[in-house]
Amino acid sequence: NYETVNYETILVDIKEGVGTITLNRPKVMNALSQTLTREVGEAVDALEKAEEVGCIIITGGDKVFAAGADINEMKDLTFPQLYMADFPYIQRDCWRAIDEARKPVIAAVAGFALGGGCEMTMACDFIIAAESAKFGQPEVSIGTIPGAGGTQRLTKAVGKAKAMEMCLSGRVMDAEEAERSGLVSRIVAVDELADVAFKTACKIASYSRPVVYMIKESVNMGVDASLRDGLAFERRNFASSFAFEDCKEGMTAFAEKRKPDFKHR
Ligand code: CO8
């Protein structure tokens, strides 16, 4: 079970099977310092291990998700330092932890998600955006390039034309455009964001956990594999799901017109 830790730059809350990580450096627009990314990594790992958690949310404040890497911390770094430490994998814990989590990770975004902040939302499984959300990769304007997936995940999400334009010009995309382009799954009012993200996460956490894992694995397979390989993977996972008691329970409950009582949650 999850053991409470007092973090310096994030808050962690567990309720009804949902673990919520809130980025908490409001004075600097939640800039991603090395401490913050390390702590996000530790928290995701801890929530991933916590039996009682079935879904994870990463969110920021009402006005900003995160305005990117902490430029003050980054500005004096040298190439040998970056290269030897394999930066941004100095902060690898964060990216690795989100990437490897088997539990779904939802990004709930209000305000700016820029640079590393945008990259963090895209590392999550899906993004729920408030009407105020703004996404961008402005690294070009400070003389560098996206370093934690911006040129890759944005391109996969919105296609080459938009990704290329955004990374080259630093143009920021609003929530409407982000939804239209497939970057976010849905837009909600700012004051409903926390509630909608929480209810969505609760719903996911209420389902059979191994089935949720299989769905996440299958969709992710589709991102990289050929359609043929992806379909074969899905078909095998579909058949395998019949080995879970929860599959029998779900179908029996439907036939008996009652709510399923899933064992693996
Ligand atoms: N780093 C450090 N401090 C920041 C950052 C940042 N990225 N963003 C904002 N702040 C600070 C400001 O310096 C300011 O501090 P102070 O009050 O002491 O002057 C405070 O936050 C408030 O910011 P602003 O006054 O600028 O607020 P505005 O509302 O006028 O503007 C913006 C908001 C548009 C978000 C603006 O702050 C901005 O452009 N920020 C920088 C955005 C940016 O360029 N991000 C990309 C950074 S590079 C990057 O992310 C590379 C990723 C590499 C891999 C990831 C590794 C983690």
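Here are A243, A239: which of them is of a type in the set (G, A, S) and open to solvent by 80 Å² or more (accessible area, probe 1.4 Å)? Unique residue meeting the criteria: A243.
Contact annotation: residue pairs with Cβ atoms under 8 Å, 6 or more positions apart or on different chains, pairing a residue in the stretch 4-15 that is in contact (Cβ under 8 Å) with a residue 12 or more places away in the chain and part of a loop (DSSP other than H, G, I, E, B) with a partner that is open to solvent by less than 70 Å² (accessible area, probe 1.4 Å) and of a type in the set (V, I, T), are V5/V12; E8/T35; T9/T35.
Considering only the stretch 225-248, I want to know if a residue exists there that is outside any loop (DSSP other than H, G, I, E, B) and modelled with pLDDT under 95. The answer is no, given that none of the residues of the stretch 225-248 is outside any loop (DSSP other than H, G, I, E, B) and modelled with pLDDT under 95.
Looking for something on the phi > 0 side of the Ramachandran plot, modelled with pLDDT of 95 or more and either near the ligand (Cβ under 8 Å from one of its atoms) or outside any helix (DSSP H, G or I) (or both) - is there at least one such residue anywhere in the stretch 52-59? Looking for residues that are on the phi > 0 side of the Ramachandran plot, modelled with pLDDT of 95 or more and either near the ligand (Cβ under 8 Å from one of its atoms) or outside any helix (DSSP H, G or I) (or both), one finds none in the stretch 52-59, hence no. Summed over the stretch 70-104, residues that are open to solvent by less than 30 Å² (accessible area, probe 1.4 Å) and within 13 Å of the ligand (Cβ to nearest atom) total 6. Filter the stretch 128-148 for residues that are part of a loop (DSSP other than H, G, I, E, B), within 12 Å of the ligand (Cβ to nearest atom) and in contact (Cβ under 8 Å) with a residue 40 or more places away in the chain; which is surrounded by the most Cβ atoms within 10 Å (Cβ to Cβ)? For the stretch 128-148, the residue satisfying everything is A148. For the stretch 78-99, the set of residues classified as without any contact (Cβ under 8 Å) to a residue 12 or more places away in the chain and assigned to a helix (DSSP H, G or I) consists of F79, P80, Q81, L82, Y83, M84, A85, Y89, listed by residue number.
The values are calculated or read from the model by the stated rules, or taken from the named source; none is laboratory data. These numbers come from a predicted model, not from an experiment. Virtual Cβ from ideal backbone geometry, glycine too; neighbours counted across all protein chains shown. Keep in mind that these areas ignore ligands, DNA and RNA; they rest on the heavy atoms of the full protein, side chains included. Shrake-Rupley method; radii C 1.70, N 1.55, O 1.52, S 1.80 Å.
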